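Below: one structure, written as structure tokens.
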């Protein structure tokens, strides 16, 4: 037992859980505990709390280890909502710590006295406001445990006068409880196999639940002759060069994925609760495998519902089927559709409408920068569509996005988290100009912490995804266009380096400059 400030005990408890950095803007008494512990837990000072919250959520998505964001009373706390909702909707553990006014000022209409407790209560699973300084480390411990257990954000609110009080702190050994990976029964496995064999046009739809089961997905696809379709956030979890992979389905999907899925008479959905399957023909045989009972049957009534770990169940299918099934005419047609689609993307990459680059052309070249373990962080909008279609995920590359909340500004924020969490891996962010302009100030964070990140901004002078929706429904693009800054000049003024390409792709000279930018060596940024 050691006597120390409650704020320092808070930091000690984070360290006890293996957390070595947090994101936020320092204020109030909570920050006082970080100064004496800065050698073990680093405070990453972002320029907007929203960026800190998105970075914390992205870090958990990328590594599986809980991300932490802090904010001060009132406005700072409110800014955390953006990243918190992203984490909640993507089932992501996350810890948010925020201060509120001193206990004597609560409910007195004092400056910045707002009911944070009420504001956050509906958006988390674990939610507590501290009433005694001795509670702080134990509450942090329970908040982290709950976040992991429920795969959702936890919130701890600390009145400003309590964090500076002296308490006794004794660390409690952390027990990481490993959940058993559930398997299907023998009867379930053979029922699934028989259903697949009796179908004429079976397909497999996968979600982020297969993140550790890439080989099993490929194995089942090959053994049973199943075209594979992913959700958008799982697009980087299936090898992009796999001949049976049709791409992602949904609003940002591919033509082969759409056509194959809507031609299917059986859908095996694994590790996913994809909302777009609700639009399938009601006569389709639907099999769902998920390790969350609440997700079974949520999007479509199932012929067979299996509560099991995705990778475990897929391996059970492989082991139970000794021989590879013959390739069907349906699978061959799907493979031809995929080949035609890739030719289309190549043609789009080569086009120069009005002499300008296409997004496909830029991203195809960006893909040549990819190492075997590159991390891509994607923003939301048309850039997400192009990136999931064009970037290579054929080795150990990883990708995260704001999948269900669709938070603009996610990519640059997530890029900061990726480079801090995985400093030896190449990090590439892809943003549209709309999302990028929302968080451009945190290029300063990348510069301040000397994070060599390649930020790709696709500029079209408007909210392109919304503009496209309006055009498809015959509406105008009123209020959807905007004036851009000279992003190259902005980056240079912030201490970064920038390359602007309009008519020539990022090849040869630009390519080498991007590589040098990634290595952190100074160079002169040319404009093309």
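Every number here is computed from the coordinates shown, using simple stated rules; none is lab data. A quick note: this is a predicted structure, and the numbers were derived from the prediction, not measured. Here the Cβ is made from the backbone with ideal geometry for all residues, glycine too, and neighbour counts use every protein chain on show.
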Practice prompt. Specify the inter-centroid distance of the range 119-171 and the range 1-69, based on alpha-carbon positions, in whole Å.
Written response: 13 Å
Worksheet, complete the sentence: To the nearest 10 degrees, the tilt of helix 410-421 (Cα long axis) against the first principal axis of the alpha carbons of the chain is 70 degrees
Response to the item:
The helix 49-63 Cα axis meets the longest alpha-carbon principal axis of the chain at an angle in degrees, between 0 and 90 and rounded to 10, of 50 degrees
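Using the C-alpha gyration tensor of the range 425-467, what are the square roots of 5 times its eigenvalues, in whole angstrom, with the largest one first? Walk me through the numbers on the way to the answer.
On the way: eigenvalues 104, 28, 7 Å².
Value: 23, 12, 6 Å, ordered largest first.
Sorted from largest to smallest, which semi-axis lengths in Å does the alpha carbon gyration tensor of the range 1-59 give for its equivalent ellipsoid, taking the root of 5 times each eigenvalue? Could the numbers behind the result be given before it?
On the way: eigenvalues 89, 34, 14 Å².
They are 21, 13, 8 Å, listed largest first.
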Worksheet item: By how many nm would the segment from residue 279 to residue 343 lengthen if fully extended, with 0.36 nm per residue of separation less the alpha-carbon distance?
Response: 20.2 nm
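Just order 147-157, 110-120 by mean Cβ neighbour count inside 10 Å, highest at the front, would you? Present the calculation step by step, with values, prior to reporting the outcome.
Working: 147-157: 22.1, 110-120: 14.6.
Highest mean packing first, the order is 147-157, 110-120.
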Worksheet item: Which value results when the Cα radius of gyration for the range 222-265 is divided by 2.2 N^0.38 Å?
Response: 1.07
Discussion item. Please report the projected area of the range 188-275's Cα convex hull averaged over all directions, in nm².
Written reply: 5.4 nm²
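How do 379, 212 rank when sorted from fewest to most other Cβ atoms within 10 Å of their own Cβ? Could you put the intermediate results ahead of the total?
Numbers: 379 33, 212 14.
So the ranking, lowest neighbour count to highest, is 212, 379.
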Worksheet item: Relative to the longest principal Cα axis of the chain, at what angle does helix 214-224 sit, 0 to 90 degrees, rounded to 10?
Response: 20 degrees
Practice prompt. Could you grab the relative contact order for the range 186-336? Cα pairs under 8 Å, six or more apart, rounded to a whole percent.
Written response: 28 percent
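Given Cα pairs under 8 Å that are at least 6 residues apart, what percent is the relative contact order of the range 2-164?
Values: 357 pairs, mean separation 40.4, N = 163.
Contact order relative to length: 25 percent.
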Worksheet item: Hey, what D do you get for the range 120-240 in µm²/s if you plug the Kirkwood alpha-carbon radius into Stokes-Einstein at 4 °C and 1.567 mPa s?
Response: 69 µm²/s
Fill in: Whole-angstrom Cα spans of the range 186-336 along principal axes, big to small
36, 34, 31
Practice prompt. Report, in whole Å, the centroid distance computed from the Cα atoms of the range 329-365 and the range 379-421.
Written response: 20 Å
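Could you put 498, 404 in order, starting from the residue whose Cβ has the fewest other Cβ atoms within 10 Å?
Numbers: 498 21, 404 16.
Ascending Cβ contact count within 10 Å gives the list 404, 498.
Averaged over all directions, how much area does the convex hull of the C-alpha atoms of the range 351-519 cover when projected, in nm²?
Details: hull surface 40.8 nm².
Hull-based average projected area comes out at 10.2 nm².
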Discussion item. I'm spelling it out carefully: the read-out is mean projected area of the Cα convex hull in nm², the candidates are (1) 26.4; (2) 30.3; (3) 63.8, and one was derived from this structure. Which label?
Written reply: (1)
Worksheet item: Using the count of nearby Cβ atoms within 10 Å as a rough guide to exposure, how do 476, 99, 437 rank from fewest to most?
Response: 476, 437, 99
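When the Kirkwood hydrodynamic radius is evaluated over all pairs of different C-alpha atoms of the range 1-140, what value in angstrom, to one decimal, is obtained? List each step's numbers first, then the result.
Numbers: mean 1/r = 0.0654 Å⁻¹.
It is 15.3 Å.
Work out how much length residue 332 to residue 484 would gain on full extension: take 0.36 nm times their residue separation and subtract the Cα-Cα distance, in nm to one decimal.
Details: separation 152, 0.36 × 152 = 54.72 nm, distance 4.61 nm.
Extra length available between residue 332 and residue 484 comes to 50.1 nm.
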Response to the item:
Taking 0.36 nm per residue of separation between residue 170 and residue 422 and subtracting their Cα-Cα distance, the length gained on full extension comes to 87.6 nm
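Can you give me the Rg/Rh ratio for the range 65-146, using Cα atoms for both radii and the Kirkwood formula for Rh? Intermediate values should be presented prior to the final figure.
Values: Rg = 12.9 Å, Rh = 13.5 Å.
So for the range 65-146, dividing Rg by the Kirkwood Rh gives 0.95.
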Worksheet item: Given the C-alpha centroids of the range 278-295 and the range 425-470, what is the distance between them in whole angstrom?
Response: 36 Å
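Taking 56 Å as R0, compute the FRET efficiency from the Cβ-Cβ separation of residue 107 and residue 476 and round it to 0.05. Intermediate values should be presented prior to the final figure.
Numbers: r = 48 Å, r/R0 = 0.86.
For residue 107 and residue 476, the calculated efficiency is 0.70.
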